[in-house]
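Single-structure report; data block below.
Bear in mind these aren't lab numbers, they're just calculated from the coordinates by the rules spelled out. The structure displayed is predicted, hence computed values, not measured ones. Please note: Cβ atoms are built from the backbone with ideal geometry, for glycine as well, and neighbour counts cover all protein chains shown.
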Amino acid sequence: MLDDRKLAVLRAIVQDYVATEEPVGSKALVDRHNLGVSPATIRNDMAVLEEEGYIAQPHTSAGRIPTDKGYRLFVDRLAAVRPLSPAERRAIGQFLDSAVNLDDVVDRTVRLLSQLTRQVAVVQYPSLSGATVRHLELLAIAPGRVMIVLITDTGRVEQRVVEVPVLTSEDLLGDLRARLNAAMDGKRLAAADAARLALAGEFAVADRLTEGVVVDKLIATLGEMIDESRDQRVVLAGAANLTRAGHDFHDSLHLVLEALEEQVVLMRLLGEVVSADVTVRIGHETALAALSGTSVVSSAYGHPEMVSRLGVIGPTRMDYPGTMGAVRAVARYVGQKVSGENLHA
């Protein structure tokens, strides 16, 4: 167990290394921090911290830098989450309030989080397993072309243009639209899909060679749209931010960027987050070799039936208090937004 003085020395080393990007020596600690002890005592404390694996010397005659273990202790015991200023909170609320639908919310959120933290931001679309169908529209936009518009109670809008035979009956689309809405409206996606399949077998048309093909294609396409709406999707922004910290990755930046191109990797990075508490995984804790030089700060957002996740990815040498504060604040605001609550309440 480390005493309070050694913990204070570790905190100072982390703060200075994050700020200066340079290994920290005992003289710098004496000059910058009021630790209340002699330089010799600080050198002794640093020797203990190094022996315990909390700091390391990157090369001979250099100062010390935090290890993953040192960052972990800093996050767990030494770092106070830095709250956003009132002006920053107002700006977040106003920016997200302007979103017109779920896609816009996610797009604004990922860009906002990247700008606030100057890291790579990742936002998972809310899980739509609990979403319900609000409305379905069928629109004849040209001869032989019908647009399907599916709207859920989450604000998600899916649309698809389907090529069909030229309609011989003007009433067919209206009849099919009315039946689909009656069968699916207010149902969760799984139940709505079952209702769609049941209707496909019951819907009778006079001309199976034309109208029957239209009905079959539209109902089949609607099923594909429902399946895609339930898929988990992740969006990313700010990958260019990593180039400013390229030296942090010891020539492995290309491996980090390649890993972040894989949706399955992004889902795995966010997948262990289960609550609105901010979670921090540091270095090798990500369990991905390509990302061993990174840290992931993440949180869940949304109500229980739509829970999803967001976070940022950056070098282990990051501003943890500020990043944790930004992730926590954005998760709260976007969670209220997708839940239909007042962001300023």
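Quick notes on this one:
- For the chain, a crude dipole built from +1 on the beta carbon of Lys and Arg and -1 on the beta carbon of Asp and Glu, taken about the Cα centre, is about 1040 debye to the nearest 20.
- Computed helical MRE - 222 nm, the chain, DSSP H runs ≥ 4 contributing -39500 (n - 2.57), nearest 500: -14000 deg cm²/dmol
- ³J(HN,Hα) computed for each position of the stretch 76-86 - Karplus, 6.51 cos²θ - 1.76 cosθ + 1.60, integer Hz, glycine/proline x: 6, 10, 10, 9, 9, 4, 8, x, 6, 6, x
- Mean projected area in nm² (Cα convex hull; one quarter of hull surface) for the chain: 21.4 nm²
- The residues neighbouring residue 166, those whose beta-carbon lies less than 11 Å from its own, together hold a net charge of -1 under the Lys/Arg +1, Asp/Glu -1 convention.
- Cα gyration tensor category, rounded, prolate or oblate, for the stretch 145-187 with a/c compared to 1.5: oblate
- Under 28 Å between alpha carbons - lysine pairs in the chain that sit 8 or more apart or on different chains: 5
- With eigenvalues of the C-alpha gyration tensor scaled by 5 and rooted, the stretch 48-87, Å: 28, 13, 6
- Choice from 323, 117, 243 showing the highest fluctuation, given a GNM over the chain with Cα pairs closer than 10 Å: 243
- Spherically averaged projected area of the stretch 130-230 from its Cα convex hull (nm²): 5.6 nm²
- Principal-axis tilt of helix 320-338 within the chain, Cα atoms, nearest 10 degrees: 20 degrees
- The overall shape of the stretch 4-78, judged from the alpha-carbon gyration tensor, is rounded, with an a/c ratio under 1.5.
- With Cα atoms, 0 to 90° folded angle of helix 171-184 axis to the chain main axis: 50 degrees
- Rounded to 10°, Cα long-axis angle of helix 211-230 versus longest principal axis of the chain: 20 degrees
- Förster radius 51 Å - calculated FRET efficiency between residue 175 and residue 88 (Cβ-Cβ, nearest 0.05): 0.45
- Within a Gaussian network of the chain (alpha carbon springs, distance under 10 Å), most fluctuating of 270, 112, 35: 35
- Near residue 320, once Lys and Arg are set to +1 and Asp and Glu to -1 for all other residues with Cβ below 13 Å from its Cβ, the sum equals +4.
- Positive minus negative residues near residue 181 (Lys, Arg vs Asp, Glu; Cβ under 12 Å): +2
- Charge dipole (Cα centre; +1 on Lys/Arg Cβ, -1 on Asp/Glu Cβ; no other charges) of the stretch 1-101 amounts to roughly 200 debye.
- Of 143, 315, 126, the residue with the greatest mean-square motion in the GNM of the chain, using alpha carbon springs below 10 Å, is 143.
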